[in-house]
Each structure stands twice: as structure tokens, then as C-alpha cells.
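Take a look at the structure set out below.
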Amino acid sequence: MLIGRYEHTLDAKSRVNFPPKLRAELGETFYITKWLDGCIIGYAEKEWNRIAEILKAKSMVKTRDIQRMLYANAMDVTPDKQGRILLPQYLKNHANITKDVIIIGAGNHVEIWDKAAYEKQESEMDFADIEAAMEELEF
């Protein structure tokens, strides 16, 4: 399970050090793409393939925008010997990442955020809404 919060800084070549615990869970190569809330999402290959199967089994008409968002903006990444991955400009632009980065484990995926954006998102969490959602899920 992917868990934890890790703070890093982009280097001059747009690489970010990816946490060893998350790399171990994600595998040698994993997939990153645009995601909701203005962040980048990352999936292990097995989970990426599971999502692809779900989308393939549904109507192309109903899933076309999801497929466009996920696949057109996706890339497979393999951390280098120092554990860094390259964040392409289009993904950095999507997440407004310029320097400081927060990488979080979120169960079956990771999210890569601009640090200020994540801290803002986190501070605006409505715990009453979260509590209601947990009740609905019988958590």
C-alpha cells in the first residue's frame, strides 16, 4: 500500500527524487499522468493495466474524455540510479510545479503536487464532508 508524505525539490533538469518506499511499491517502471485537483497521479504497472481494462470494457463514448486525459498525458517513468524521475513540462504546467514538490502515497496510487498547492488543498479540507463520505462508505 502506498502511504506517506514526502517533500522534495526539483533539480535544474526538472527531476525529482522519488521516495525509496514508494519506488519499492510502484516497481521499476510506473506511469504518471494528469489528474484531478491540479496534481499528477502515478500508478504501478499492474494498477495502470487494471484501469485500462475497466475503461476498455466500458462504452468508448462514455469514457473518451477520461481516456484522453489519462493516456494522452501519460508517460512511463523509470527512476535513475539516484532515484529521480523526470517531470515533463506539460505535467509541471498542469500541477503548477516550479520548485518545491510534495509526493503522497494514497493507497493504490501516488500524487505529485506543488507544495503550496497541496498545503492549500489540505488546509481547505472540510472534515464534515469527509465524515459524511466515510459514513456513506460505512467506514
- Item | Gap separating the Cα centres of region 94-118 and region 122-138, nearest whole Å | 21 Å
- Quick one: order Y90, Y6 by neighbouring beta-carbon count within 10 Å, fewest to most. Y90, Y6
- Task: Please tell me the relative contact order of region 5-136 in percent, rounded to the nearest whole number, where contacts are Cα pairs under 8 Å and at least six residues apart.
- Result: 34 percent
- Sum up the charges of everything whose Cβ sits under 14 Å from the Cβ of M75, counting Lys and Arg as +1 and Asp and Glu as -1, but leave M75 out. +1
- Exposure proxy ranking, count of Cβ atoms within 10 Å, fewest first, for D76, D11: D76, D11
- What is the list of residues in region 1-30 whose amide nitrogen lies under 14 Å from a point 7 angstrom out from the Cα of I130, following Cα to Cβ? 4-5
- Given 5 Å bins starting at zero, what is the percent of C-alpha pairs of region 45-117 in each, up to the one with the largest pair distance? 3, 12, 19, 23, 21, 13, 7, 2, 0
- Query: Taking only C-alpha pairs under 8 Å that are 6+ residues apart, what is the relative contact order of region 31-98 in percent?
  - Reply: 45 percent
- Binned Cα-Cα distance frequencies in region 5-136 - 5 Å width, integer %: 2, 10, 19, 21, 19, 15, 10, 4, 1, 0
- Message: What does the extension gain come out to for A106 and K13, with contour length at 0.36 nm per residue minus their alpha carbon separation?
- Response: 30.8 nm
- Among the listed pairs K62/K92; K13/K34; K34/K115; K21/K92; K13/K120, those beyond 18 Å (Cα-Cα): K62/K92; K13/K34; K21/K92; K13/K120
- Query: About its Cα centre, how strong a charge dipole does region 5-136 have in debye, to the nearest 20, once Lys and Arg get +1 and Asp and Glu get -1 at the Cβ?
  - Reply: 840 debye
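Throughout, read-outs are computed from the coordinates displayed, never taken from laboratory work. What you see is a predicted model; the values in this text were computed from it and never measured. Methodologically, a virtual Cβ is constructed for each residue, glycine included, from the backbone with ideal geometry; neighbour enumeration extends over all protein chains shown.
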